[in-house]
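Worksheet for the structure shown next.
The values are calculated or read from the model by the stated rules, or taken from the named source; none is laboratory data. Small disclaimer: the values here were computed from a predicted structure and weren't measured. Glycine also receives a Cβ, built like all others from the backbone with ideal geometry; neighbour counts cover every protein chain displayed.
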Amino acid sequence: MNQDNNRTPQRKIGSGFGKESTAAEVLAGIGLGGKTAIVTGGYSGLGLETVRALASAGARVLVGARRPDHARRVLEAAGIAVPESGSPAALMAGGSVGVSALDLADLSSVQAFADSFLSPASEESGTGLDILINNAAIMASPEQRVGPGWESQFATNHLGHFALTNLLWPALAAGTGARVVSLSSTGHKLSPIRFDDINFDAGYDKWKAYGQAKTANSLFAVQLDYLGRNSGVRAFAVHPGGIMTELQRHLPRAEMVAAGWMDQNGNVDARFKTPEQGAATSVWAATSPLLEGMGGVYCEDCDIAEPTRTGTPGARIRGVDAHAVDPSDAARLWALSAQMTGISAFG
């Protein structure tokens with residue numbers, strides 16, 4: 001049982017920003033020179049805008065990419081110069097952004113990425129880790145098994161990032177005030193953690209599987225913050241908002257029309273954010289001075305979210321459900337994840 005009387009309250013703090021704020025706006029006046037960040041999947045949609053904003057504020061940013069050559073082309077097409085090869089330290093020495101291979105569904109790839117970042121060359125260059133944004137994800141994908149039979153959405157969205165964060169712990173703990181941002185979503189409302197059938201062996205439901213993975217992302221932030229705060233590392237979960245990006249690649253248009261996300265002509269509903277707006281809450285959680293001394297909370301629209309008001313019209317799209325911030329489930333999930341991956345920085 002994780003009993004913690006020092007938890008940050010799950011309530012708004014009045015950040016001054018909101019749903020329409022952009023990543024550039026929340027970073028106005030914040031200098032990140034000398035800071036190093038890692039953004040998984042930072043080459044499409046809101047990940048790309050997250051990288052752009054952090055680099056523009058002076059940070060060195062390493063992008064973890066399943067397809068590194070494709071990632072370089074996308075970043076360069078977006079006006080972001082990227083070296084072609086080398087260690088993370090060398091990649092970022094010639095510019096503000098580098099790319100390194102990372103497949104979150106393959107723990108050997110996660111290990112190789114972390115080993116490369118923690119290499120002696122990185123240590124000699126002073127490349128610690130100040131910001132880790134666990135951004136990459138898949139959504140509502142067809143049933144697929146990875147590793148030793150893990151359900152792919154849980155494995156990619158949660159277990160891969162769990163392993164990555166734990167392997168990078170020495171670099172996070174060596175800094176001063178490092179922050180880890182875990183991208184969740186209102187998808188967490190679709191399912192708690194199914195501890196009795198976490199891999200959907202009894203029957204697959206793509207949306208419940210996505211919901212479980214997003215709940216896991218939130219609970220991960222709760223427990224990491226609890227374990228890491230004495231080392232100065234704080235963690236946050238973030239709902240970026242609805243954004244039309246490559247995340248929807250597994251969804252047929254008819255399904256998105258039926259959900260009200262777009263009309264028959266492909267025009268996206270006005271409720272959706274732009275990628276620049278979608279990246280804002282991640283960047284805010286990673287850098288805002290207002291969050292000093294805080295952590296372990298779920299954020300949305302550039303503020304700490306309020307608990308879901310059950311039974312209200314907005315309950316499905318606003319706030320955080322209790323099961324996604326429950327400290328007991330967070331501790332239980334952490335222990336299970338460590339058992340499944342064989343990786344934990346905390347024993």
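Got a sec? Which of Arg60, Arg72 is touching a helix residue (DSSP H, G or I) at 6+ places or on another chain (Cβ under 8 Å) and of a type in the set (D, E, K, R)?
On the way: Arg72 fails: touching a helix residue (DSSP H, G or I) at 6+ places or on another chain (Cβ under 8 Å).
On inspection, the qualifying residue turns out to be Arg60.
Pick from the stretch 48-61 the residues that are touching a Ser or Thr at 6+ places or on another chain (Cβ under 6 Å) and buried (at least 24 other Cβ atoms within 10 Å of the Cβ): which of them is nearest to Gly31 (Cα to Cα)?
Taking the stretch 48-61 first, the residues touching a Ser or Thr at 6+ places or on another chain (Cβ under 6 Å) are 50, 55, 60.
Among the residues that remain, those that are also buried (at least 24 other Cβ atoms within 10 Å of the Cβ) are: 50, 60.
Details: Thr50: 15, Arg60: 12 Å.
Of everything passing the filter in the stretch 48-61, Arg60 is nearest to Gly31 (Cα to Cα).
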- Are any residues in the stretch 190-208 in a helix (DSSP H, G or I) and modelled with pLDDT of 95 or more, and if so, which ones? Lys208
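Would you point out which residue out of Ala221, Ala216, Ala114, Ala155 is touching a residue at least 24 places away in the same chain (Cβ under 8 Å), within 30 Å of Arg318 (Cβ to Cβ), aliphatic (A, V, I, L, M) and touching a helix residue (DSSP H, G or I) at 6+ places or on another chain (Cβ under 7 Å)? Please lay out each step first, then the result.
Values: Ala221 fails: touching a helix residue (DSSP H, G or I) at 6+ places or on another chain (Cβ under 7 Å); Ala114 fails: within 30 Å of Arg318 (Cβ to Cβ); Ala155 fails: touching a helix residue (DSSP H, G or I) at 6+ places or on another chain (Cβ under 7 Å).
Selected residue: Ala216, the only one of Ala221, Ala216, Ala114, Ala155 that is touching a residue at least 24 places away in the same chain (Cβ under 8 Å), within 30 Å of Arg318 (Cβ to Cβ), aliphatic (A, V, I, L, M) and touching a helix residue (DSSP H, G or I) at 6+ places or on another chain (Cβ under 7 Å).
I'm trying to understand the selection: among the residues of the stretch 1-29, which are of a type in the set (A, V, I, L, M, F, W, C), buried (at least 17 other Cβ atoms within 10 Å of the Cβ) and assigned to a loop (DSSP other than H, G, I, E, B)?
In the first step, residues of the stretch 1-29 are kept if they are of a type in the set (A, V, I, L, M, F, W, C); the result is 1, 13, 17, 23-24, 26-28.
This time we only want the ones that are buried (at least 17 other Cβ atoms within 10 Å of the Cβ), so: 17, 23, 26-27.
Those that are of a type in the set (A, V, I, L, M, F, W, C), buried (at least 17 other Cβ atoms within 10 Å of the Cβ) and assigned to a loop (DSSP other than H, G, I, E, B): Phe17, Leu27.
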- Message: So, in the stretch 292-309, how many residues would count as being assigned to a loop (DSSP other than H, G, I, E, B) and buried (at least 17 other Cβ atoms within 10 Å of the Cβ)?
- Response: 7
- Task: Search the stretch 31-47 for residues being crowded, with 18+ Cβ neighbours inside 10 Å and in a loop (DSSP other than H, G, I, E, B), and hand back the single one that is modelled with the lowest pLDDT.
- Result: Ser44
- Message: If the requirement is being touching a Leu at 6+ places or on another chain (Cβ under 7 Å) and of a type in the set (Gly, Ala, Ser), which of these qualifies: Ala315, Ala324?
- Response: Ala324
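Does Asn135 meet the test of being in contact with a Ser or Thr (Cβ under 9 Å, 6 or more places away or on another chain), touching a residue at least 12 places away in the same chain (Cβ under 8 Å) and under 22 Å from Gly232 (Cβ atoms)? Step through it out loud before you land on a result.
Numbers: in contact with a Ser or Thr (Cβ under 9 Å, 6 or more places away or on another chain): yes; touching a residue at least 12 places away in the same chain (Cβ under 8 Å): yes; under 22 Å from Gly232 (Cβ atoms): no.
When the stated conditions are applied, Asn135 does not pass them.
Select from the stretch 1-14 the residues that are closer than 23 Å to Gly228 by Cβ and either at pLDDT 95 or above or of a type in the set (S, T, N, Q) (or both) and list them in ascending order. Please lay out each step first, then the result.
Initial filter on the stretch 1-14 (closer than 23 Å to Gly228 by Cβ): 1-11, 13.
Once the filter is applied, which keeps residues that are closer than 23 Å to Gly228 by Cβ and either at pLDDT 95 or above or of a type in the set (S, T, N, Q) (or both), the stretch 1-14 yields Asn2, Gln3, Asn5, Asn6, Thr8, Pro9, Gln10, Arg11, Ile13.
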- Query: Restricting the stretch 310-339 to residues that are modelled with pLDDT under 95 and not hydroxyl-bearing (Ser, Thr, Tyr), which is surrounded by the fewest Cβ atoms within 10 Å (Cβ to Cβ)?
  - Reply: Gly311
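Just checking, does the stretch 140-152 include any residue being in contact with a Gly (Cβ under 7 Å, 6 or more places away or on another chain) and buried (at least 21 other Cβ atoms within 10 Å of the Cβ)?
Just the residues of the stretch 140-152 that are in contact with a Gly (Cβ under 7 Å, 6 or more places away or on another chain), to begin with: none.
No, because not a single residue in the stretch 140-152 is in contact with a Gly (Cβ under 7 Å, 6 or more places away or on another chain) and buried (at least 21 other Cβ atoms within 10 Å of the Cβ).
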- Any chance the stretch 162-171 includes a residue that's outside any helix (DSSP H, G or I) and within 22 Å of Leu107 (Cα to Cα)? yes
- Looking at (1) touching a strand residue (DSSP E or B) at 6+ places or on another chain (Cβ under 8 Å); (2) over 14 Å from Pro275 (Cα atoms), which is the only condition Lys19 fails? (2)
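Scan the stretch 172-188 residue by residue and report those that are buried (at least 20 other Cβ atoms within 10 Å of the Cβ) and either in contact (Cβ under 8 Å) with a residue 60 or more places away in the chain or farther than 12 Å from Asp130 by Cβ (or both).
Leu172, Arg179, Val181, Ser182, Leu183, Ser184, Ser185, Thr186, Gly187, His188, listed by residue number.
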